[in-house]
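Novice: I have a structure here, written as structure tokens, and I will follow up with some questions on it.
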Amino acid sequence: MSDHDSPSAHAHGPVTRPGGLDGHDGAEHGHDDHDAGHGGHDAGHGGVGKYLLVFLALCGLTTMSFLTYSSVWPWRNEPHVGWAFMMAVSCTKAMLVVLFFMHVFWEANWKYVLTIPAAMMAIFLALMLVPDVGLRNRMVSQERALHMARVSDVRLLEQAAESQSPEPH
């Protein structure tokens with residue numbers, strides 16, 4: 001019995017001879033070597049249709065982010081709501097790109113070994129910056145305090161812009 005005929009030759013290790021997994025030429029069975037080894041690229045990854053759906057979702061999410069600065073945005077006077085919304089949309093877009101265009105969605109379970117510790121470190125580092133960001137205006141130099149923007153300044157500028165705009169007829 002040669003190594004071509006033994007059942008264990010097919011079960012373990014890489015295929016080291018030309019042809020399909022069964023030791024015969026792939027053309028004989030109507031498939032090429034690439035499809036035999038990977039089960040077909042489009043079958044495992046969903047094809048072009050799935051990529052187009054993800055692309056349309058990314059376009060829709062980008063439009064939603066853009067609308068936060070338009071007159072149709074219901075929380076126009078609350079910028080923190082818009083910022084939080086845009087951060088959520090940005091994270092969703094990044095997740096879609098990583099999962100589908102970087103093929104992480106179809107990877108084996110080892111992806112969790114890489115992503116969970118990295119996500120934990122990202123959250124930890126972001127939380128470590130909270131005191132710096134929250135307390136950045138408490139101890140500033142006189143020069144910086146003199147030139148720093150204030151909410152009241154922004155409101156005055158908005159009121160001035162509204163009063164200068166021509167009234168619609």
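Novice: Please work out if residue 161 is of a type in the set (A, V, I, L, M), out of contact with any helix residue (DSSP H, G or I) (no Cβ under 7 Å at 6 or more places or on another chain) and surrounded by 11 or more Cβ atoms within 10 Å (Cβ to Cβ).
Specialist: no
Novice: Of all the residues that make up the range 42-85, how many are more than 27 Å from residue 114 (Cβ to Cβ) and either under 21 Å from the mean Cα position of the chain (by Cα) or hydrophobic (A, V, I, L, M, F, W, C) (or both)?
Specialist: Total meeting the criteria: 21.
All of the numbers you see were taken from the coordinates with simple rules; none came from a lab. Quick caveat, the model's predicted, so the values are computed rather than measured. Don't worry about glycine lacking a Cβ; one is built from the backbone with ideal geometry, like all the others, and counts go over all protein chains shown.
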